[in-house]
Each structure stands twice: as C-alpha cells, then as structure tokens.
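**Q** Input: one structure, supplied below.
The values are calculated or read from the model by the stated rules, or taken from the named source; none is laboratory data. Values in this document were obtained by computation on a predicted structure and should not be read as measured data. Cβ placement follows ideal geometry from the backbone for every residue including glycine, while neighbour counts extend to all protein chains displayed. Calculation scope for accessible area: heavy atoms of the full protein, side chains included, ligands and nucleic acids excluded. Shrake-Rupley method; radii C 1.70, N 1.55, O 1.52, S 1.80 Å.
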Amino acid sequence: MKRHNIQLNEAGELHHFLDVEGLKRELLVNILDAAESFTSVKAQQVKKVPLLRGKAIVNLFFEPSTRTRNTFELAAKRLSADTLNVNISTSATSKGETLLDMLNNLEAMHCDMFVVRHAQSGAAHFIAQHVAPHISVINAGDGSHAHPTQAMLDMFTIRRHKGAFADLKVAIVGDILHSRVARSQIHALTTLGVTEVRVIGPKTLIPDDTASLGVHIYHDIWEGLRDVDVVIMLRLQKERMSGALLPSEHEYFKLYGLSPEKLAIAKPDAIVMHPGPINRGVEISSEVADGPQSVILEQVSNGIAVRMAVMSILMGQTFGKEKGASE
Ligand code: CP
C-alpha cells in the first residue's frame, strides 16, 4: 500500500513543507514559478502584497540562523502576514514547558503557520503530526536531515542562471555526511531532471548510502569538478562532528577548498554557490567567494521570493499569472 505523504492534503496539494524527498517534479516547478512571480515585489514602492493579510506566522528557531530566519520573516512581512519570533531561550520551555505544550499555547493564539528549525532530525515532521489540521509547518532545517526551502532557493538560483535543468552537471563539495542542505539539494536536482549530480569529498564525510541517491561520488576534487556547470560548496559542520573525521582545516583547504585554480577545472561559465555561513580559507577562498562566478549573495536574496512562494502555496494563495523560465 502506498504510504501517505504527510506534506500533502487529500487533493495532493502541499499543506506542510518538510522535505523535498517524495515530492513530484510538478510541485517543485510550481514553487519555482511562483517565486519568479514574487521577484517583482521588491521593486515596488511599497514592497508588500496582501496575500497573507490576517494570517499569523510563527518563527520557532531552536538553532542559530542568519539567512533562513530573517528571510522567512521578511517574506512573511512582504506577504502582509503578522509575524512572531519566539525567543526560545526566554520562552517558558526554560521553566520546563514541553514543546507540545508550547505549540498548544501558540495554537490558542490563533496562529496559522510554524516555521521550525531544530537540531534534531525529524523535529518539524513531529510537530506537523501534532498541530491542529489548519496549521501548516515548514521545515527550516532539522539536524542533518533536510532543509527544503534552502534547496528550492538553490534550484531557483540555478534556473535563473542556467535555464533548463536537463544537461547540467552539478557538483556538491564537502561535508555531505552532516549536511541537511546536500540531502535536500540532491533530491531536488534529481527530481528536476539534472543529468549528472556529483558529490565530492573525503571518504569520512560521505555517507555509505550516498550512491543509492543516484549521484556520482568523487574523492579527488580535480576530477570531480571537470566540466561542471554548477559548484556548490558546503561548510564543515563541526558542531555535528564527533571524533576525528579530518586531518586539519589547513589540510582540508589544500585538498577540498575551492581556490581559483580548482575552479578553473569547471566550465568557464560555471557558477559558485554556498548555502552559508561560509568559512573563508576552510572550504572556499575569499577570491572565489567574492569573485565574478560567485552567486552566494544572490542565493540569499532569492530566499525571500522562494519563501514567499512556499508560504503562499501552503496557505492556498497564488499571486499573478506569470510563469518563470520554461522547463
Ligand atoms: N543556509 C542557512 O541555513 O543559513 P542560516 O543557518 O544562517 O539560516
């Protein structure tokens, strides 16, 4: 029997956004097209549309964040929603209140959506299973499991630069083992029909089951970057590492850090991406991070339109009739 995807309602529409895995290409393209229509909002004199007026959106960040939290808040405000940023360290959870009791109290305040970041894999899924049926939950990063809106803003950035996904070669470099971003990117890239997804890194930072995701694995970056269209660099997630998985940061940069010399192996018009935060001199040199092929800050800007798209789709609202680049 086919397992019900908790993210979808009975009509097959997105109700929660917890994971890219298991979602159809059509749903992902729908998010990208909706995001395309929202890019014009930032150019308006009043950078707002009334789509989510009267809705209350709660940011629940149990882990630090700069990009995700602030772009979610801006996106919600540009949709005219009311926003609440729960300060976890000063909330009553510090007095022993359970997560579910906290959620029940926020529900009693008539909230409509929870945006959740948590160090525990599966946290957003757990919350989605326990909230009232009218509430939507968005996973803003759970442990090393998934970061679906990051993956979608990365897909949006790739599509804006490269057009169609077919024929692209995309390399993801670094700490795949601890990366929720890499996992979501791989599912998004393969669902959207990218020809070749390469994963590059030391054996200790690539999980054993990675090949089963349909990617090609390289341990030599000079081989792996050959002729790729897109290079996605990842941070070493030291906060999730236990034991000695690496020689030293200096050695890591020599072997896997993206320098202008290594980037020259990729196609001349290859774009360089990074979900952030970047660690200069560890996984990427400043020359590359600030160089002409870098689209790292563009990814951050695109995060607003993509998060507006996801929130409005979950709330059943659509904006304009415009469609983005054709697939
Ligand atoms: N990319 C990303 O998730 O960054 P933050 O941790 O700053 O949100």
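**Q** Out of segment 276-308, which residues are part of a loop (DSSP other than H, G, I, E, B), open to solvent by 20 Å² or more (accessible area, probe 1.4 Å) and among the hydrophobic types (A, V, I, L, M, F, W, C)?
**A** 278
**Q** Taking the condition of being surrounded by fewer than 11 Cβ atoms within 10 Å (Cβ to Cβ) and assigned to a helix (DSSP H, G or I), how many residues in segment 95-108 meet it?
**A** The total comes to 2.
**Q** If I filter segment 151-170 for residues that are more than 17 Å from residue 27 (Cβ to Cβ), within 16 Å of the ligand (Cβ to nearest atom), in a helix (DSSP H, G or I) and assigned by TED's automatic domain parsing to the domain that holds residue 275, do I get at least one hit?
**A** yes
**Q** Sort out which residues of segment 42-58 are crowded, with 20+ Cβ neighbours inside 10 Å and farther than 30 Å from residue 104 by Cα, and write them in order of number.
**A** Residues satisfying the conditions do not exist here.
**Q** Okay, next question. Which of the residues spanning segment 255-275 are farther than 21 Å from residue 205 by Cα, in a loop (DSSP other than H, G, I, E, B) and not β-branched (Val, Ile, Thr)?
**A** 264, 266, 267, 268, 269, 270
**Q** State yes or no: is residue 30 part of a helix (DSSP H, G or I), open to solvent by 60 Å² or more (accessible area, probe 1.4 Å) and either in the same structural domain as residue 190 (by TED's automatic domain parsing) or in contact (Cβ under 8 Å) with a residue 40 or more places away in the chain (or both)?
**A** yes
**Q** Take residue 182 and tell me if it is surrounded by 24 or more Cβ atoms within 10 Å (Cβ to Cβ) and within 14 Å of the ligand (Cβ to nearest atom).
**A** yes
**Q** Another question about this same structure. Which one of these is in contact with an Asp or Glu (Cβ under 8 Å, 6 or more places away or on another chain), within 13 Å of the ligand (Cβ to nearest atom) and open to solvent by 10 Å² or more (accessible area, probe 1.4 Å): 119, 146?
**A** Just one listed residue meets the conditions, 119.
**Q** Here's something else I'd like to know. Considering only segment 86-94, I want to know if a residue exists there that is open to solvent by less than 30 Å² (accessible area, probe 1.4 Å) and more than 13 Å from residue 116 (Cα to Cα).
**A** The answer is yes; a qualifying residue exists.
**Q** Can you find, within segment 60-91, the residue that is farthest from residue 143 (Cα to Cα) among those that are in a loop (DSSP other than H, G, I, E, B) and within 16 Å of the ligand (Cβ to nearest atom)?
**A** 66
**Q** Now for a different question. Which number in (1) within 16 Å of the ligand (Cβ to nearest atom); (2) hydrophobic (A, V, I, L, M, F, W, C); (3) touching a Phe, Trp or Tyr at 6+ places or on another chain (Cβ under 9 Å) marks the one condition that residue 189 misses?
**A** Of the numbered conditions (1) within 16 Å of the ligand (Cβ to nearest atom); (2) hydrophobic (A, V, I, L, M, F, W, C); (3) touching a Phe, Trp or Tyr at 6+ places or on another chain (Cβ under 9 Å), the odd one out for residue 189 is (1).
**Q** Among the residues of segment 198-209, count how many are within 21 Å of residue 257 (Cβ to Cβ) and either buried (at least 22 other Cβ atoms within 10 Å of the Cβ) or within 22 Å of the chain's Cα centre (by Cα) (or both).
**A** Here the count works out to 6.
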